[in-house]
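Trainee: Have a look at this one.
The values are calculated or read from the model by the stated rules, or taken from the named source; none is laboratory data. In this text, all values refer to a predicted model and were calculated from it rather than measured experimentally. So basically every Cβ, Gly included, is an ideal-geometry build from the backbone, and we count neighbours across all protein chains shown. Heavy atoms of the whole protein, side chains included, go into the accessibility calculation; ligands, DNA and RNA do not. Shrake-Rupley method; radii C 1.70, N 1.55, O 1.52, S 1.80 Å.
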Amino acid sequence: VRAVAAVVAAAAAAPANTPCNGPPTPPIVYTIAGSDSGGGAGIQADLHAIHAMGCHGCSAITCLTAQSSTGVTGVHAPPVDFLREQLDVLVGDMPPRAVKIGMLGTEELAVEVGRFLREIKSRAAADAGSEGARAPPFVVLDPVMISTSGHKLIDDDAKAAMIEHVFSQADVLTPNKFEAEALLGRELNSPEDVEAGAKELLGMGVKSVLIKGGHSLAESKSSTPLRSDLNATVGYAQDYFLSTEPPLDADGEERICDGCRGVWLRSDRYDSQNTHGTGCTLSSAIASALAIGHQQRDLVSATSGTGAARAVYAIDA
């Protein structure tokens, strides 16, 4: 989050997209996710984060939930045709710089979102080189599967469809520990498990993965005793980032993270039960930071860009 804030600060100093010398036009970020009637997570939290990052948020609702601050009591998925209509109407008028994907409650919805992402990326590739063309939007996938209160939000068929149809379009995957375990089918009980799990998730088709450390490695659904040194992870949150990007950037500079070398990001753990919506906020902030870099890249050259203008890879955000 600190890195994301730094990108936004740099963006403020970079050339703005200022038509007719008017106010800067904020980059557009889509959130394709579920609605939280309690307002703490889902598209409600996404739009708050996108706006706070200085971007304009557009939403396409995949699911409606009945929930409050205490938990989820019901989930309803609108017809797939209506999700398609939401997306097609938006992209025809307000094309995105980045797309954040959240809750995909059914197999059909996951397939439709995969279709949409392939279509907009193919369209961008076909337009490459023409006047006014822009690079394909960044895609950040938050694989929402289980609510904080323990309510299952996605069935096994939907999970399989998400992996098959959406993973290959995702630039960044942001699972927490339990979501990563659900995707991998095993527990992550050590730093080595997390590193191996990240590599396996990359093998499923995503370009980068951030396994979030809000849950301590000492937190486990298993009764099997863990190593004593893992108790040290209780005092801080430790995220692990791994990317398929090559080891050198366009200028020949080494990256701090690439397909062979991950990076651990450590910060103090906040002793709080008020964690509802934190994953939605983080993934939306990452998408927004990438959208800012996406826009600035169109305004300055790759060699002269600074700050957000250089945030063209997930690790830069």
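Trainee: Taking region 65-77 on its own, how many of its residues are outside any strand (DSSP E or B) and touching a residue at least 40 places away in the same chain (Cβ under 8 Å)?
Mentor: Looking only at region 65-77, we keep the residues that are outside any strand (DSSP E or B), and these are 69-70, 77.
Filter again for touching a residue at least 40 places away in the same chain (Cβ under 8 Å), leaving 69-70.
Residues that pass the stated criteria total 2.
Trainee: Give the residues of region 34-82 that are over 22 Å from residue 289 (Cβ atoms), of a type in the set (S, T, N, Q) and open to solvent by less than 60 Å² (accessible area, probe 1.4 Å), sorted by residue number.
Mentor: Within region 34-82, 35, 62, 65, 67, 68 meet the criteria.
Trainee: Scan (1) without any contact (Cβ under 8 Å) to a residue 24 or more places away in the chain; (2) closer than 27 Å to residue 236 by Cα for the single condition residue 191 breaks and write down its number.
Mentor: (1)
Trainee: When residue 201 is evaluated against the numbered criteria (1) out of contact with any Leu (no Cβ under 8 Å at 6 or more places or on another chain); (2) at pLDDT 90 or above, which criterion, by number, is the only one it fails?
Mentor: With respect to (1) out of contact with any Leu (no Cβ under 8 Å at 6 or more places or on another chain); (2) at pLDDT 90 or above, residue 201 is out only on (1).
Trainee: Go through region 47-64 and give me each residue that's in contact with a Pro (Cβ under 7 Å, 6 or more places away or on another chain) and in contact (Cβ under 8 Å) with a residue 40 or more places away in the chain.
Mentor: Hits for region 47-64 are 54, 55.
Trainee: Just name the residue that is most open to solvent (accessible area, probe 1.4 Å) out of those in region 88-109 that are in a helix (DSSP H, G or I) and farther than 21 Å from residue 25 by Cα.
Mentor: Among those residues, the one meeting the criterion is 108.
Trainee: Condition check: in contact with a Lys or Arg (Cβ under 8 Å, 6 or more places away or on another chain), at pLDDT 95 or above and either assigned to a strand (DSSP E or B) or not hydrophobic (A, V, I, L, M, F, W, C) (or both). Does residue 46 satisfy that? Break it down stepwise before answering.
Mentor: Numbers: in contact with a Lys or Arg (Cβ under 8 Å, 6 or more places away or on another chain): yes; at pLDDT 95 or above: yes; either assigned to a strand (DSSP E or B) or not hydrophobic (A, V, I, L, M, F, W, C) (or both): yes.
Yes; evaluated as a whole, the condition is true for this residue.
Trainee: Right, next: Output yes when any residue across region 6-27 is at pLDDT 90 or above and either of a type in the set (D, E, K, R) or under 23 Å from residue 163 (Cβ atoms) (or both), and no when none is.
Mentor: no
Trainee: Suppose we filter 196, 161, 218 for residues that are modelled with pLDDT under 75 and of a type outside the set (Asp, Glu); which single one remains? Don't jump to the end; show me each part of the working.
Mentor: Values: 196 fails: modelled with pLDDT under 75; 161 fails: modelled with pLDDT under 75.
The match here is 218.
Trainee: Moving to a separate point now. Here's a check for you: in region 110-139, which residue that is in a helix (DSSP H, G or I) and out of contact with any helix residue (DSSP H, G or I) (no Cβ under 9 Å at 6 or more places or on another chain) is farthest from residue 159 (Cα to Cα)?
Mentor: Per the criteria, the residue is 127.
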